[in-house]
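The values are calculated or read from the model by the stated rules, or taken from the named source; none is laboratory data. Small disclaimer: the values here were computed from a predicted structure and weren't measured. Every residue, glycine among them, receives a Cβ derived from its backbone with ideal geometry; neighbour counts consider all protein chains shown.
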Number of protein chains: 2
Amino acid sequence: MIVETQYARFDSIELEGGTTLSPVDIAYETYGRLNERRSNAILITHAFTGDAHAAGVSKDGKPGWWDKMIGPGLAFDTDRYFVICSNVLGGCQGTTGPASENPATGLPYGMSFPVITIRDMVRLQRMLVDHLGIQRLLCVAGGSMGGMQALQWAVSYPERVQCCIPIATTWRHSAQQIAFNEVGRQAIMADPDWCGGDYYDKKPPARGLSIARMVGHITYMSDDSMREKFGRKLREKEKFGFDFGVDFEVESYLRYRGSQFVTRFDANSYMYITKAEDYFDLTQGTGKLIDMFQTVTTRFLVISFTSDWLYPSYQSQEIVKVLRRVNGDVAYCDLQSSYGHDAFLVDIEEQTEIVRGFLDSTARLAAVAA
Amino acid sequence: MIVETQYARFDSIELEGGTTLSPVDIAYETYGRLNERRSNAILITHAFTGDAHAAGVSKDGKPGWWDKMIGPGLAFDTDRYFVICSNVLGGCQGTTGPASENPATGLPYGMSFPVITIRDMVRLQRMLVDHLGIQRLLCVAGGSMGGMQALQWAVSYPERVQCCIPIATTWRHSAQQIAFNEVGRQAIMADPDWCGGDYYDKKPPARGLSIARMVGHITYMSDDSMREKFGRKLREKEKFGFDFGVDFEVESYLRYRGSQFVTRFDANSYMYITKAEDYFDLTQGTGKLIDMFQTVTTRFLVISFTSDWLYPSYQSQEIVKVLRRVNGDVAYCDLQSSYGHDAFLVDIEEQTEIVRGFLDSTARLAAVAA
């Protein structure tokens, strides 16, 4: 199916940091049909460098980033559900972000863009859901940073989320997760082409952003999957070069991924979105997760992957344990996979069955309650 | 004890890459006394960014990097043993490396320095051991890249090594290990101040080297130790700054460590030494570790740490298994620690007892055999 990205504009949005952004645009796509009772809507929240194009084929032929999960007969079955995915606030794929025009100056915001949070992203998504006339979402689901948004939805707007599927995620960013993000930001800021974020009429900080992406890619894979995929294979040579060109396949892969990334992603968005991740703490600094879930009536399906060392399973298990302590409705699966953090994007067979069943039972419960 | 670094110069060294380096200097330190039979010498091989100053206090007051392990009554007991530590080939702490003068030009080598390997480092160490008149070392011991050198000693010169203590290391660099090193190299090369390695009369590529070091530091710690040390503690503030200054302690720590590192380490040495690590494969590409150990008579004590995810325990266990398959004399300890890869430098209590006992039994066996 060919899908077109749609846009909505709102007058303004209040931000957690105390400022107001005005106006604010949001890019989104929808798949499937909203039923008459408006009870079959699912919001998919994307990971760090994702976008609104989650499924189907775009006009320029690009498949969606979760195309294996969303579609007719798939986990998020578009024959049954109305699926929405929007680009996050601070992003660079249609939603207002640092590359957008600052109406006060007529120039791109750059670093004058306000620092935003996961709660801000979710607030804008709620505005979109309002705009679409949906009172209650059947589900909010996402992996990685998408999982943070899903959790935040359940805590910020519990009455508006029937069920929540946070995948390969955490309830607050850890020191190690912050550290990897900080390295990425430092790499960008160290690039002279970054120019304090004011590079939109010049060349972008491609070297810094590429380094940041290379670090990211290592953390998305596992030791195992890297050994399986690359091992010590040499790249188009039989012997070491004894120089600093590419020797190993894994070097070639990282360089390629780094250089590809800079053609599709804005360095300043990298800065702002990683900051939002690092600020993410569902408890707002209290550390008392149980307080967050006391009044939550949302059903949860929490999924983690055994080889994910960026968002390790224990972080999902912390969420599950606390939800059980308040007698919450929570299912949990720690799926066996060697793909590391990337598993939620690529290793989708088991994930599909589990999500399908969970959505089906949630829809039945909702129908009974209605 | 105040120790002075000593130097030896050799006419030339043949390198694995096919070139000859001439002349070659090596910086080293010794602690304790060589006995009359010259049978109590232990060679300590340092990790990536280490140097010859392993123990005691330097003239400018700096303690050695393994000062808690080497000294009177310590694991490497200088009342009993004669301990040697030298700076590796390609380094920047006294041994010939890319910052050294190229006699052909009178200028620093820079990137005209030949790519070197762990075997080359070990060959130069053997020349030093010859120079000191030592026929057979009681022990070669080291952690991380020091462990690679220790293993290489046992394979290259089995008749010259009574026992070998490879700690927190691997028999060949994995795709993930190569990947992290490659990111570091790319960060250096992306820094315009790197100037193709020709920066010795200008300012060094401090930003790139600092990024490389930050990545390194994350890999040296564990998720646990980072949570214990930093958690989500803010740095001299009570609320988020909502800007891109330092918010978290862990950010401050990484920035500080990065900026400190550039004052003591040469970026080109970073390039060459990481390359030597990445080329390291004890089997030279055959993958048949068993062939390497068939004729080895050296005793082994292999140590790994449970929370070390940069050189995970399974990599040590592969060595142990193959040594057992050839009925080798090998002891193995997987030490419980939360310090990650850094454990071999900081979590030394158990390590001390294990090393002490192993050295003692090796010395007794040697005395009986003599």
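Of the residues B:G285, B:G357, B:G340, which is at negative phi and assigned by TED's automatic domain parsing to the domain that holds B:V115? Give the steps one after another, and end with the answer.
On the way: B:G285 fails: at negative phi; B:G340 fails: at negative phi.
The unique qualifying residue is B:G357.
Go through B:D278, B:D308 for me and flag whichever is within 14 Å of chain A (Cβ to nearest Cβ), over 22 Å from B:L359 (Cα atoms), buried (at least 22 other Cβ atoms within 10 Å of the Cβ) and in contact with a Gly (Cβ under 7 Å, 6 or more places away or on another chain).
Sole residue among the options that is within 14 Å of chain A (Cβ to nearest Cβ), over 22 Å from B:L359 (Cα atoms), buried (at least 22 other Cβ atoms within 10 Å of the Cβ) and in contact with a Gly (Cβ under 7 Å, 6 or more places away or on another chain): B:D308.
Got a number for residues in the stretch B:268-292 being of a type in the set (A, V, I, L, M, F, W, C) and under 14 Å from the mean Cα position of the chain (by Cα)?
Final tally of qualifying residues: 3.
Is it fair to say B:P166 is more than 10 Å from chain A (Cβ to nearest Cβ) and crowded, with 24+ Cβ neighbours inside 10 Å?
For B:P166, the condition - more than 10 Å from chain A (Cβ to nearest Cβ) and crowded, with 24+ Cβ neighbours inside 10 Å - is met.
Please work out if A:L107 is farther than 15 Å from A:C164 by Cβ and crowded, with 24+ Cβ neighbours inside 10 Å.
Taking the combined requirement at face value, the residue does not satisfy it.
All but one of (1) surrounded by fewer than 23 Cβ atoms within 10 Å (Cβ to Cβ); (2) more than 9 Å from chain B (Cβ to nearest Cβ); (3) at pLDDT 95 or above; (4) over 17 Å from B:G184 (Cβ atoms) hold for A:I273, so report the exception by its number.
With (1) surrounded by fewer than 23 Cβ atoms within 10 Å (Cβ to Cβ); (2) more than 9 Å from chain B (Cβ to nearest Cβ); (3) at pLDDT 95 or above; (4) over 17 Å from B:G184 (Cβ atoms) applied to A:I273, the lone miss is (1).
Please return the ranges of helices (runs of 4 or more DSSP H) entirely within the stretch A:283-370 where 3 or more residues are under 19 Å from A:I118 (Cβ atoms).
On the way: elements: A:289-293, A:313-325, A:343-346, A:349-369.
Of the helices (runs of 4 or more DSSP H) lying wholly inside the stretch A:283-370, those with at least 3 residues that are under 19 Å from A:I118 (Cβ atoms) span A:289-293, A:313-325.
Any idea which residue in the stretch B:199-228 is farthest from the other protein chains (Cβ to nearest Cβ), counting only those that are surrounded by fewer than 22 Cβ atoms within 10 Å (Cβ to Cβ) and in a loop (DSSP other than H, G, I, E, B)?
B:D201
Regarding A:G17, is this residue under 22 Å from the mean Cα position of the chain (by Cα) and within 14 Å of chain B (Cβ to nearest Cβ)?
yes
Kindly indicate whether any position in the stretch A:34-51 is part of a strand (DSSP E or B), under 21 Å from the mean Cα position of the chain (by Cα), surrounded by fewer than 21 Cβ atoms within 10 Å (Cβ to Cβ) and of a type outside the set (S, T, Y).
No, the conditions are met nowhere in the stretch A:34-51.
Of the residues that make up the stretch B:293-301, is at least one over 26 Å from B:R160 (Cβ atoms) and either more than 10 Å from chain A (Cβ to nearest Cβ) or within 22 Å of the chain's Cα centre (by Cα) (or both)?
Looking for residues that are over 26 Å from B:R160 (Cβ atoms) and either more than 10 Å from chain A (Cβ to nearest Cβ) or within 22 Å of the chain's Cα centre (by Cα) (or both), one finds none in the stretch B:293-301, hence no.
Does the stretch B:184-191 contain any residue that is assigned by TED's automatic domain parsing to the domain that holds B:V355 and crowded, with 24+ Cβ neighbours inside 10 Å?
Step one: list which residues in the stretch B:184-191 are assigned by TED's automatic domain parsing to the domain that holds B:V355, which gives none.
No; the residues of the stretch B:184-191 include none that is assigned by TED's automatic domain parsing to the domain that holds B:V355 and crowded, with 24+ Cβ neighbours inside 10 Å.
So B:A54 fits all but one of (1) surrounded by 24 or more Cβ atoms within 10 Å (Cβ to Cβ); (2) in contact (Cβ under 8 Å) with a residue 40 or more places away in the chain; (3) among the small types (G, A, S); what number is the exception?
(2)
Determine, yes or no, whether A:I319 is free of Cβ contacts under 8 Å to residues at least 40 places away in the same chain, within 30 Å of B:D243 (Cα to Cα) and among the aliphatic types (A, V, I, L, M).
Answer is no for this residue.
Which condition breaks for A:G231 when tested against (1) more than 9 Å from chain B (Cβ to nearest Cβ); (2) without any contact (Cβ under 8 Å) to a residue 40 or more places away in the chain; (3) not in a helix (DSSP H, G or I)?
Exception for A:G231: condition (1).
Condition check: part of a helix (DSSP H, G or I), within 7 Å of chain A (Cβ to nearest Cβ), free of Cβ contacts under 8 Å to residues at least 24 places away in the same chain and within 23 Å of B:S100 (Cα to Cα). Does B:Q186 satisfy that?
It is true that B:Q186 is part of a helix (DSSP H, G or I), within 7 Å of chain A (Cβ to nearest Cβ), free of Cβ contacts under 8 Å to residues at least 24 places away in the same chain and within 23 Å of B:S100 (Cα to Cα).
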